[in-house]
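The structure under discussion appears below in the form of structure tokens.
The values are calculated or read from the model by the stated rules, or taken from the named source; none is laboratory data. Because the structure is a prediction, the values reported are computed rather than measured. Here the Cβ positions follow ideal geometry from the backbone for every residue, glycine too, while neighbour counts run over all protein chains shown.
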Amino acid sequence: MKPAAAPSGHVRTRLILVRHGQTEYNREARLQGQIDIPLNVTGRRQAAVLAATVAENPPDMIISSPLSRAYDTARIVGEASGLDVHIDEAFLERGFGEWEGLKGEEIRRHWPHEHADWRAHRGVHGLDVEGRPAVADRVASACHQLVAENTGRTVMVMSHGAAITLGITAMLGLETSGFRGISGLENCHRSVIEPLAADASGQLMRLVSHNLPPDFI
């Protein structure tokens, strides 16, 4: 996972953003949000496969959301590579307020107008649903800080589907309130993003790879 030096001699700094392993809520297509749902048997197996892959070329450090599905995935990966896991709440999943634990059809039936807004990528008000720009900003800000503090290193971040997708959208300079051109990550899949060497501000990023499966080396 350690980045090679570019031909110019520039030392690359790299973030590997990983979605946690499967949970029962994932399997049942329920909206998890910030409910602390543990990994299921499949999720632990996915984490073990990812751990074996990562151990071939481990990162320099691992950061995780505090939710157990992310932290336990990170811990399994960390144990295989001899790395501790550090927690950062900035990488929590998007909060879905009153909708957490529900299936899409249940949300549509009880809140048809709000559900229509959500599906149209508009803001949802009055239900404690965290706005897309707010999630994008907190994840992107934390990622930029990691890049600034770890020049020339590779940092793995264990987080969640919506949080990662929105963070990547923001880091690429795309519009976060409505743009949906970046696909979500599957369980235990990962994406690689790094700063553009030509950008003196250190804010512009490029997406090197996206949604890599756990056994991809």
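Structure notes:
- Beta carbons closer than 7 Å, at least 6 apart along the sequence or on distinct chains, pair a first residue in segment 201-215 that is free of Cβ contacts under 8 Å to residues at least 24 places away in the same chain with a second that is part of a strand (DSSP E or B) and of a type in the set (A, V, I, L, M) for S209/V192.
- Scanning segment 61-116 for residues that are over 15 Å from M156 (Cα atoms) and small (G, A, S) gives S68, G95, G97, G101, G104, A116.
- Screening segment 52-73 for residues that are under 21 Å from L92 (Cα atoms) and aliphatic (A, V, I, L, M) and picking the one that is surrounded by the most Cβ atoms within 10 Å (Cβ to Cβ) gives A70.
- Identity of the residue in segment 188-214, outside any strand (DSSP E or B) and touching a helix residue (DSSP H, G or I) at 6+ places or on another chain (Cβ under 6 Å), that ends up surrounded by the most Cβ atoms within 10 Å (Cβ to Cβ): C188
- The residues on offer are V155, V49, and the sole one that is under 21 Å from L212 (Cβ atoms), touching a Pro at 6+ places or on another chain (Cβ under 7 Å), surrounded by fewer than 19 Cβ atoms within 10 Å (Cβ to Cβ) and modelled with pLDDT of 95 or more is V49.
For (1) without any contact (Cβ under 8 Å) to a residue 40 or more places away in the chain; (2) closer than 17 Å to L166 by Cα, each residue gets a yes or a no:
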{"residue": "H86", "(1), (2)": "yes, no"}
{"residue": "E100", "(1), (2)": "no, no"}
{"residue": "E105", "(1), (2)": "yes, no"}
{"residue": "E114", "(1), (2)": "yes, no"}
{"residue": "D117", "(1), (2)": "yes, no"}
{"residue": "A120", "(1), (2)": "yes, yes"}
{"residue": "L127", "(1), (2)": "yes, no"}
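- Pairing each residue of segment 18-39 that is within 25 Å of F216 (Cβ to Cβ) with any residue that is in a helix (DSSP H, G or I) and of a type in the set (F, W, Y), provided the two are 6+ apart or on different chains, yields C-beta distances under 8 Å for Q32/Y25.
- G184 fulfils the conditions (1) out of contact with any Ser or Thr (no Cβ under 8 Å at 6 or more places or on another chain); (2) touching a residue at least 12 places away in the same chain (Cβ under 8 Å) except for a single criterion, (1).
- Matching residues, segment 159-180, being polar (S, T, N, Q) and without any contact (Cβ under 8 Å) to a residue 24 or more places away in the chain: T165
- Selected residue [at positive phi, at pLDDT 95 or above and surrounded by 14 or more Cβ atoms within 10 Å (Cβ to Cβ)] from G78, G82, G101: G101
- Single match in V49, V54 (criterion: touching a helix residue (DSSP H, G or I) at 6+ places or on another chain (Cβ under 7 Å), more than 28 Å from E98 (Cβ to Cβ) and either outside any helix (DSSP H, G or I) or not aromatic (F, W, Y) (or both)): V54
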